[in-house]
Amino acid sequence: MRNDNLPDSIAHLQQMSPTEQLELAKAVLRTEADALSQLALDLDHSFVKATDALLATLGSVIIIGMGKAGLIGQKIVATLGSTGTPSHFVHPAEAVHGDLGRIRESDLVLLLSFSGETEEITSLLPALHERAIKTIAITASLDSTLSKQCDVVIPIGQLQEADPLGLAPSTSTTAMLAIGDALALVVSKQRHFTSHDFAKFHPAGSLGRKLTKVDDVMRPLSHCRIANDSKTVREVFVNASLPGRRTGAVMLVDNSGKLTGIFTDSDLARMLENNKESHFDGAVAQFMTANPVTALTGSLMTDAVKLLSAKRISELPVCNELNEPVGMLDITDAVAWTPPESSVSDTESDNPKVIPLRKSG
């Protein structure tokens, strides 16, 4: 029932019941999901031609779209850029007023237009052709003006827009976005783009933290206590002291510089508790933890923190491929690094570098 005391806009909104709102929302999602499913079935070799063109491009990928397609284009630019493909957005209306100068002959231009007849888009084609710039179109069919003048065309089909009027770009823009994501991720895979490469472009925020390497957080060797495993306990603690805040463990190495064990402040405390002061002049190798758990240099901090938690240890030596220590990750360093808003234990890396586990002696 209409409430005459409410503004017309609010009264109108209340004419849909919660059930009707949910049904319409579900219909929108089903329409778009069905379109994507059909698009996946219909995708043909034109997509491969497009990825080949992107991989062969010596310059940047320039994306041009008008209206809602332009907004989708800007998101595709962001996805391409973050996954290793240099890309930029150029507005078609600005392009014909000088911004065509931002496009180089070595670039590739990706044009977005569902109808393929968008005037602001088609009017750019002669200038692009004159400069022999390669073009790719994402559009509805192969029969449009845009399709007939582009080097590669990825047709998305004559889609039904999801809005009740069948007018607002919705299904069509969803399809364009999905094709853009597919292009970016397939090209990224072919370029062997790794999680470590991804981290280079996302150094800030929680994502950057999750992709941080142990090398960026650990204490370097110059700040660590290290001694030869042939030394006595007394010699180790007298000669391996360092000024300032220290780690809770001494890393012990053999004559070739390879890690053989660690001796912690807790190990020293246990010797005192067990009245073994007479052993202070004995070889530290008798009391050290031999073959300790380590992290491999280049490993992700997320994996290192999981290891500290799983093994219930406070010090994690970081070694190179030759098992030579390069630093130490202390539990206090890990606590200071861990993002407070997220649980590192729930974070999984795409392809984490294996952290070798060694049995404690």
Worksheet item: Give me the pairs: first residue in region 31-47 and hydroxyl-bearing (Ser, Thr, Tyr), second residue open to solvent by less than 70 Å² (accessible area, probe 1.4 Å), beta-carbon distance under 7 Å, and six or more apart or on different chains, which are they?
Response: THR31/ALA162; THR31/THR171; SER46/VAL152; SER46/VAL153; SER46/ILE154
Discussion item. Looking at the structure I just gave you, is ASP267 within 22 Å of LEU221 (Cα to Cα) and acidic (Asp, Glu)?
Written reply: yes
Worksheet entry | Any helices (runs of 4 or more DSSP H) falling wholly within region 105-195 and containing at least 1 residues that are in contact with a helix residue (DSSP H, G or I) (Cβ under 6 Å, 6 or more places away or on another chain) and open to solvent by 40 Å² or more (accessible area, probe 1.4 Å) | 119-122, 145-149, 171-190
Worksheet item: Among (1) over 15 Å from MET218 (Cβ atoms); (2) over 26 Å from the mean Cα position of the chain (by Cα); (3) modelled with pLDDT of 80 or more, where does GLU321 come up short?
Response: (2)
Response to the item:
Scanning region 287-315 residue by residue, the ones that are touching a residue at least 24 places away in the same chain (Cβ under 8 Å) and within 26 Å of the chain's Cα centre (by Cα) total 16
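Is one or more of the residues making up region 22-31 modelled with pLDDT under 60 and assigned to a helix (DSSP H, G or I)?
No, there is no match, as no residue in region 22-31 is modelled with pLDDT under 60 and assigned to a helix (DSSP H, G or I).
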Fill in: Verdict on ALA199 being at pLDDT below 90, small (Gly, Ala, Ser) and surrounded by fewer than 15 Cβ atoms within 10 Å (Cβ to Cβ)
no
Item to complete: Scan region 71-84 for residues that are surrounded by fewer than 22 Cβ atoms within 10 Å (Cβ to Cβ) and in contact with a helix residue (DSSP H, G or I) (Cβ under 9 Å, 6 or more places away or on another chain) and jot them down.
Response: LEU71, LYS75, THR79, GLY81, SER82, THR83, GLY84
Worksheet item: Here are GLY81, GLY101: which of them is in contact (Cβ under 8 Å) with a residue 24 or more places away in the chain, within 34 Å of the chain's Cα centre (by Cα) and over 21 Å from LEU39 (Cβ atoms)?
Response: GLY81
Worksheet item: Can you find even one residue in region 203-215 that is open to solvent by less than 20 Å² (accessible area, probe 1.4 Å) and at pLDDT 90 or above?
Response: yes
Discussion item. So, VAL233, is that one more than 41 Å from the chain's Cα centre (by Cα), exposed (fewer than 13 other Cβ atoms within 10 Å of the Cβ) and among the β-branched types (Val, Ile, Thr) or not?
Written reply: no
Item to complete: Quick one: which residue in SER256, SER314, SER309, SER230 is small (Gly, Ala, Ser) and closer than 30 Å to THR194 by Cβ?
Response: SER309
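The values are calculated or read from the model by the stated rules, or taken from the named source; none is laboratory data. Computed from a prediction, not measured in an experiment: that's the story for all the values here. Cβ atoms come from the backbone with ideal geometry, glycine included; neighbour counts cover every protein chain shown. All accessible areas refer to the heavy atoms of the entire protein, side chains included, with ligands and DNA or RNA removed. Shrake-Rupley method; radii C 1.70, N 1.55, O 1.52, S 1.80 Å.
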